[in-house]
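What follows is a set of notes on a single structure, which appears directly below.
The values are calculated or read from the model by the stated rules, or taken from the named source; none is laboratory data. No experiment lies behind these values; they were computed from the predicted model shown. Cβ atoms come from the backbone with ideal geometry, glycine included; neighbour counts cover every protein chain shown. Calculation scope for accessible area: heavy atoms of the full protein, side chains included, ligands and nucleic acids excluded. Shrake-Rupley method; radii C 1.70, N 1.55, O 1.52, S 1.80 Å.
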Amino acid sequence: ALVRARACRARERHAAPMAASQAPAPVPTAGFAERLAELSFASELCDGVVLCEGAADGCERLPVVRAVLAAASPEIERQFRSSGKEVRLPVTAAALRCAIAHCCAGGSGAVGAEGHLLEACPVEELQRAAEVLSLPGLEAWCKRVLRARSVAGKQGPPATDPAAGSATVALWLGSAAIVLISVWAWAPSLQYKIENNGFFMDDRMIAKNANVYEEVDWPRLFRTDYWGLEMFQGSWTHKSFRPLAVLTFRWNYMLHGFDSTGFHVTNVALHFAASLLLGAFGTLALGLPSAWGALLCALFLAHPVHTESVLYIVGRADILCCAMLLLASLLYGPCLVRRPPPLPVALLLLALASALLVLAGLCKETGFCFFGLLVGWELLAKLVPRTPGRSRALCSFWIRLLMLLVVGGGACYWRIWYTAGTEIERMDPHSNPVAVESERSVRVLSYALLHGIYAQLLVWPSFLCYDYSFDAIPLVRAPSDARLLLPIAAYLAFFLLLCLSLQVLRPPRSSSASSAQWLSRSRVREAPIVGLAMLVLSFFPMSNVVFPVGTMIGERLLYIPSAGLLLCFVGLGHLWQLDSSLGRGGGLARHLPAALLVLSGLAGAVLCANRVVDWSSPEAITVADGLKQLRSGRVQFNHANVHLQAKRYEEALATYERCIAIDPADRDSLPLFHAGQILIYQGRHKEAVNYLSRAVSGYFSPLTMAEEEIWHDFALALWFTQDAVAAVQNFWNALTVNPLHTKSLNNLGCAQGLGAAFGLLPSESLRSGVESLRNAIHLDQTNALYWRNIVALLRMAGDEGAANEAWMHLQAVFPSAAVGEPPSDCSWEFNFR
């Protein structure tokens, strides 16, 4: 009323004709009332302060227009006149803001056009403010709302646009279709057996890990890495400290052993659980509608790049880590609402979330990085208002933030300290050739290309392969390389997503109605930037920016980044639809992002189904990828191994030679070794010596091949080329690496004995040969071949008594191996590896 009177007097002073001054005083226009409500709602152009003491978590200072409050309540006018520009009221700041907007728009009468503003505050708090300010119309409105709630049991849903309802139904149907195709896609994997179908590559380390098949030895569990190798005493370790993931393998083995579908069923079940948790995180923690949360869940479930994480059993570490960090974020979400819980409850939630993040880090190292997600989310919630007058206790906020920084920093420091850093000793140049490249510019450009390939796999994984090692992705040696267009596009796309994610966080500068609608949806506007934060935090450790990782491209490394990217896409798609309904577009355009997401999900589910079939067995995945990834030496090597196991020696040799041609620098010894073995078997000993001489000086992974085997076969090939001295020396090289290698002892004895008998070695070598065979028998008394060979050497040495005694022992213990006359020649021990 006071504002209206002042406006009328101002108009009178500017009225020139006397006749005009005798006209009725004009009433302020609707635009004037809306603008006054907007300014008061935003606490702008204020000259007073109210100390709001109605909140349970403390007092908040709220700037107000004293004239408006004085006009609304005579009691408050007296308080302002007696105390100056500051008064205390037992109401919350949010309720007082809504009450001021009501006064500006309609005075003390019934609720009118400002009703949408009142929805930003709990009705109970608003009713208290109406009582304090003596606003009967507002108080009556609050009572009617509360009465309606008590009758209906809950607040009735607002009227909806029929078109929006149809879009929601279509979204539900699209999500259901994606889920159904995904279930059909993953169903065959429930029949895969890890032992019957065979252990594939890294999965073999599960069978070799004593922590899996033996009783739990807690000290051993915490001193060995993911592959069961000693981290502190062994000669080589990957430093992948993941004891909790290894423990789940142990639980699988205890339940059903290796000859079971249990390992695959567990991985598939965990993937479905992670998908549900992601949908719940988007819906419950970030405010996405349930239809969009279902779409998020379906897209994650159907993403083809997840096939490696799920069907490659060692990929369980990524799934467990993702599920636990999503659960931790869900638990911590209540601390970031408009009115967080009391400090003890908030600290309990923080402790539970921190414990889950530590457990996630013990499944995979990435989990420790997600303390940064909670810290960033706290700061985001502090900087971006979600509702008008949001009351957040500063003390509780700073305590939570400080504890997250301390616990998260301490956990990361402990992980790095415990494993003595993150750098891998003896980096396999075949797994990550960029890491061993000497030119820094080549490393930078090549890593940028890898980032672009990762982005392509996230957005459209049409080409999938289990391995991208040398030379699947040739290094980038010049900025003019056209392949650099891919990372440039990826960086620009990320920058665009970042700009859009930040833009939706900006409040509008339009009418109060737009402001209220923006504030009512402010929580869901955090979804895109939270998704990008998940993407960055999970991708940065594997980006080779800080330290090199042990692989060029690993599809299973994208499990957690894909969750963040999908959350960003779904959040922006939902906000696009909302903004279009507010007048920034219309028609079919508002539903375009939803349609694109559903179509991409359907296509991804079909690709996923095709890829699951490829993983049906080690042979199937090896052949499928071997036929399309012709530039990867390791893929071709594994493809050749399939031919070798099937005894297709010519095809195996041709594939091994293709693999050798990919790597002219001989950075991987294994193709050379196996090619040499085939040539030994075919009697082409000179060619075998050529390959094996290169193999003994090359690189090989101790996880896949014992070094003594390479020295042994090199020595055997040398013997058959009549180079007895070099053969004996290389047999000794094999025994230097492993003194318990009985095959080398047996063949060394044969080489020494026969070399002396044929005049290729000094005569005393014969006695040395007998001694070598005795050592072999001492280590393995059940090998009949060793007994036959020592009989032959003893007869060559003229020791018939010892020879007959050994022959009689052989007849008694191994009668089938002692048929006929005693042997007079040695038998060589050789087998394919």
Test set (1) of a type in the set (A, V, I, L, M); (2) outside any loop (DSSP other than H, G, I, E, B); (3) out of contact with any helix residue (DSSP H, G or I) (no Cβ under 8 Å at 6 or more places or on another chain) - LEU679 fails condition number: (3)
Qualifying helices (runs of 4 or more DSSP H) (wholly inside region 742-833; at least 3 residues being aliphatic (A, V, I, L, M) and more than 20 Å from GLN722 (Cα to Cα)): 765-779, 784-796, 800-813
Any chance PRO461 is of a type outside the set (Gly, Ala, Ser), over 19 Å from PHE540 (Cα atoms), in a loop (DSSP other than H, G, I, E, B) and modelled with pLDDT of 85 or more: yes
Selection count, region 240-299, where residues are out of contact with any helix residue (DSSP H, G or I) (no Cβ under 8 Å at 6 or more places or on another chain) and hydrophobic (A, V, I, L, M, F, W, C): 3
Filter result for the condition that a residue is surrounded by 14 or more Cβ atoms within 10 Å (Cβ to Cβ), modelled with pLDDT of 95 or more and of a type in the set (A, V, I, L, M, F, W, C), over LEU486, LEU496: LEU486
Residue identified as small (Gly, Ala, Ser), modelled with pLDDT under 90 and either open to solvent by less than 60 Å² (accessible area, probe 1.4 Å) or closer than 30 Å to ALA94 by Cα (or both) among SER538, SER501, SER511: SER511
Top-ranked residue in region 684-705 [being among the small types (Gly, Ala, Ser) and open to solvent by 30 Å² or more (accessible area, probe 1.4 Å); ranked as modelled with the highest pLDDT]: SER693
SER543 within 27 Å of SER275 (Cα to Cα), of a type in the set (S, T, N, Q) and at pLDDT 90 or above: no
Subset of region 273-326 that is open to solvent by 10 Å² or more (accessible area, probe 1.4 Å), over 30 Å from PHE241 (Cβ atoms) and not in a helix (DSSP H, G or I) - its residue that is modelled with the highest pLDDT: PRO289
Qualifying positions in region 157-181 - open to solvent by less than 80 Å² (accessible area, probe 1.4 Å) and modelled with pLDDT under 90: ASP161, ALA163, ALA164, GLY165, SER166, ALA167, THR168
Only listed residue being under 22 Å from ARG833 (Cβ atoms), crowded, with 22+ Cβ neighbours inside 10 Å and more than 48 Å from the chain's Cα centre (by Cα), chosen from LEU716, LEU754, LEU748: LEU748
Condition broken by ASP471, with the remaining ones in (1) of a type outside the set (Gly, Ala, Ser); (2) under 23 Å from HIS303 (Cα atoms); (3) modelled with pLDDT under 95 satisfied: (2)
Tabulated pairs, region 248-266, first touching a residue at least 24 places away in the same chain (Cβ under 8 Å), second of a type in the set (Lys, Arg) and part of a loop (DSSP other than H, G, I, E, B), C-beta under 9 angstrom, 6+ apart or interchain: PHE258/LYS193; ASP259/LYS193; SER260/LYS193; THR261/LYS193; PHE263/LYS193; HIS264/LYS193
Scope region 473-495; condition farther than 10 Å from ALA448 by Cβ and either part of a helix (DSSP H, G or I) or within 23 Å of the chain's Cα centre (by Cα) (or both); matching residues: ILE473, ALA482, LEU485, ALA489, LEU492, ALA493, PHE494, PHE495
Single unsatisfied condition, SER40 versus (1) modelled with pLDDT of 55 or more; (2) under 52 Å from the mean Cα position of the chain (by Cα); (3) surrounded by 17 or more Cβ atoms within 10 Å (Cβ to Cβ); (4) within 16 Å of LEU133 (Cβ to Cβ): (1)
Residues of region 182-199 satisfying the condition of being outside any helix (DSSP H, G or I) and either touching a helix residue (DSSP H, G or I) at 6+ places or on another chain (Cβ under 9 Å) or modelled with pLDDT of 95 or more (or both): TYR192, LYS193, ILE194, GLU195, ASN197, GLY198, PHE199
Meets criteria (open to solvent by 20 Å² or more (accessible area, probe 1.4 Å), at pLDDT below 95, aromatic (Phe, Trp, Tyr) and out of contact with any Gly (no Cβ under 8 Å at 6 or more places or on another chain)) for TRP377: no
Cβ-Cβ under 8 Å pairs, at least 6 apart or on other chains, region 771-799 side over 13 Å from HIS809 (Cα atoms), far side of a type in the set (Lys, Arg): ALA797/ARG767
Matching residues, region 600-637, being touching a residue at least 40 places away in the same chain (Cβ under 8 Å), open to solvent by 20 Å² or more (accessible area, probe 1.4 Å) and more than 23 Å from GLN191 (Cβ to Cβ): SER600, LEU602, LYS628, ARG631, ARG634
